[in-house]
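J.: A single structure is presented below for examination.
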């Protein structure tokens, strides 16, 4: 019992100091919906911890240029210790935001983005220590080519990395 308690304290302490990171790798256009064009944003989740982490849910606002896109997704994916896992997150750009984005892509060499929100994570498969509302705020710029470059066939690949493997 004492070992389990010490292990739980170690995992809980590391949750605050060993921060996972998220990086946008690419985006894959899946097609148009009634709500707007749908992309799968391929995000690389890096787990620098010595224990596995589960990403249970993500609630965020993705701001690309002047467009804000709400995202709610429950991937329920385990990220092994000291590894990076690519996760495809569905994002629908509202039709009302398309003209604004198109205007920014035409007039600028890059478009700023921010992903801000909360993630619900579980640390350690054995101990199942939950941390809800883990806050994150990632900022960067997307080159114009992510919006203009297309791969062969459908779905269209847009972006800086390879499409997610299915």
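The values are calculated or read from the model by the stated rules, or taken from the named source; none is laboratory data. Everything numeric in this text was worked out from a predicted model, so none of it was measured. Glycine gets a Cβ as well: all are built from the backbone with ideal geometry, and neighbour counts include every protein chain shown.
Results for (1) at pLDDT below 85; (2) crowded, with 18+ Cβ neighbours inside 10 Å, shown as yes or no for each residue.
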site	(1), (2)
20	yes, yes
24	yes, yes
30	yes, no
71	no, no
78	no, no
82	no, no
90	no, no
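J.: Mind checking which residues of segment 78-102 are more than 16 Å from residue 40 (Cα to Cα) and not in a helix (DSSP H, G or I)?
T.: Our first condition is that a residue be more than 16 Å from residue 40 (Cα to Cα); within segment 78-102, this holds for 78-84, 95-102.
Selection gives 78, 79, 80, 81, 82, 83, 84.
J.: So, in segment 132-146, exactly how many residues are exposed (fewer than 15 other Cβ atoms within 10 Å of the Cβ), modelled with pLDDT under 75 and within 24 Å of residue 42 (Cβ to Cβ)?
T.: 1
J.: State whether one or more residues within segment 46-63 are free of Cβ contacts under 8 Å to residues at least 40 places away in the same chain, under 17 Å from residue 23 (Cβ atoms), in a strand (DSSP E or B) and under 17 Å from the mean Cα position of the chain (by Cα).
T.: Looking for residues that are free of Cβ contacts under 8 Å to residues at least 40 places away in the same chain, under 17 Å from residue 23 (Cβ atoms), in a strand (DSSP E or B) and under 17 Å from the mean Cα position of the chain (by Cα), one finds at least one in segment 46-63, hence yes.
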